[in-house]
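I have a structure here, written as structure tokens, and I will follow up with some questions on it.
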Amino acid sequence: MNQFTKSPLSINDQLILWRNRGLTINDEARAFRYLSVISYYRLSAYCLPFQIAGSAHHFIPNVAFDDILGLYVFDREIRLLILDAIERIEVAFRARMTQVLSEHHGSHAYTDATVFNDSYDHDWLVKQVRSKCHDRNAEPFIKHYCSKYGDPKLPPIWMVMEILTFKEVSVLFSQLRLKADKQEISLFFGVPDIVLRSWFRSLSDLRNICAHHSRTWNREFGSRPCVLKKNTICLASINAT
């Protein structure tokens, strides 16, 4: 294993390094400003398609700083579009989980371990909800419930579904014990429950990447959604706004 020996570079030195590698920088002051607020390292990922394969990061002739910046801006706009779309799907997913589970198992369905598979760590879920309720930054509706009601001590599922993360809700769905629960939730989205489960897992990963402003363009994802054999999907109903 090699020892890391690279020293940090000033922004001026970063620009010099890029020039030495063949990048055209027409407006150095402008490039300096962008590096000040985006960072050299973040932009370096967008340099790759403009660099000569197998070289020491040297650029293809006639590549300019604006080419790299343009690709970065494109990726940023893609992230915003993805987040907008996922928001609608996520909100609809929470709504369906709440409606189905509360109708089938009552207002505090999530506290019943028999609703979930034996392999699911139900104690962890209850501890997670309790921790979120006792957090000093808990949502006002959570604080109101806890101050007004003492039995049950934990809030109903329609409140809990609003404070769990998308990933936590996605895992809840995948761990539902009864086929009837999963099928009724999946029916709303027009796909089989096994397909929906993989989609929400992938969407959760993608959402986290976008929310943390990470690169989405030219990226490999660890989780891949199942592909429908037939085009039976109907998601138009979730476009409420």
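Taken together, the values in this text are just the output of simple stated rules run on the coordinates, not laboratory data. Nothing here was measured: the structure is a model prediction, and the numbers come from that model. Reconstructed Cβ throughout: ideal geometry from the backbone, glycine too, with neighbour counts over all protein chains shown.
At most 11 other Cβ atoms within 10 Å and a DSSP loop assignment: could you name the trypsin sites (Lys or Arg not before Pro) in the range 167-220 that fit? Walk me through the intermediate numbers first.
Values: sites: 167, 177, 179, 182, 197, 201, 207, 215, 219; in loops: 177, 215, 219.
Passing both the DSSP loop test and the Cβ count: 219.
On to the next question. Compute the acute angle (0 to 90°) between the alpha-carbon long axis of helix 193-211 and the principal axis of greatest extent of the alpha-carbon atoms of the chain; round to the nearest 10°.
Helix 193-211 sits roughly 50 degrees off the main axis of the chain.
State the Kirkwood hydrodynamic radius of the range 83-185 in Å, one decimal place, computed from all pairs of distinct Cα atoms.
Details: mean 1/r = 0.0707 Å⁻¹.
Kirkwood radius, the range 83-185: 14.2 Å.
Still on this structure, I have one more. Once you charge only the Cβ atoms, +1 for Lys and Arg and -1 for Asp and Glu, what is the size of the charge dipole of the range 75-238 about its Cα centre, to the nearest 20 debye?
Working: 24 positive and 20 negative charges, 57 e Å.
Once rounded to the nearest 20, the dipole reads 280 debye.
Okay, moving on. Calculate for the chain the 222 nm mean residue ellipticity that helices alone would give, adding -39,500 (n - 2.57) per DSSP H run of length 4 or more and normalising by residue count, nearest 500 deg cm²/dmol. Before the final figure, lay out the partial values.
Details: 10 runs with 135 residues, N = 241.
Using -39500 (n - 2.57) per qualifying helix, the result is -18000 deg cm²/dmol.
Would you mind checking which residues have amide H under 5 Å from residue 64's amide H? H placed 1.01 Å from N; only 5 or more apart, or other chain.
Close amide H contacts, sequence-distant or interchain: 24.
According to the square roots a ≥ b ≥ c of the eigenvalues of the Cα gyration tensor, what is the shape class of the range 137-234, taking rounded for a/c under 1.5, prolate for a/b larger than b/c otherwise, and oblate for the remainder? Before the final figure, lay out the partial values.
Working: a/c = 3.17, a/b = 1.46, b/c = 2.18.
Oblate shape, in that a/c is at least 1.5 and b/c is the bigger or equal ratio.
Of the chymotrypsin sites (Phe, Trp or Tyr not before Pro) in the range 99-192, which ones lie in a loop per DSSP and count no more than 15 other C-beta atoms within 10 Å? Before the final figure, lay out each step's value.
Working: sites: 110, 116, 120, 124, 141, 145, 149, 158, 166, 173, 188, 189; in loops: 120, 149.
The qualifying sites are 149.
Using alpha carbons only, how many degrees (0 to 90, rounded to 10) separate the axis of helix 122-134 from the longest principal axis of the chain?
Value to nearest ten degrees: 80.
Helix 179-189 against the longest principal axis of the chain: what's the angle in degrees, Cα atoms only, rounded to the nearest 10?
50 degrees
Quick query: amide H of residue 116 versus all other amide H atoms, modeled in the peptide plane; which residues come in under 5 Å with a sequence gap of 5 or more or a different chain?
So residue 116 has HN proximity to 177.
So which trypsin sites (Lys or Arg not before Pro) in the range 86-139 are both in a DSSP loop and have at most 12 other Cβ atoms within 10 Å of their Cβ? Walk me through the numbers before you get to the answer.
Details: sites: 88, 94, 96, 127, 130, 132, 136; in loops: 136.
When the trypsin sites (Lys or Arg not before Pro) of the range 86-139 are filtered for loop state and at most 12 Cβ neighbours within 10 Å, 136 remain.
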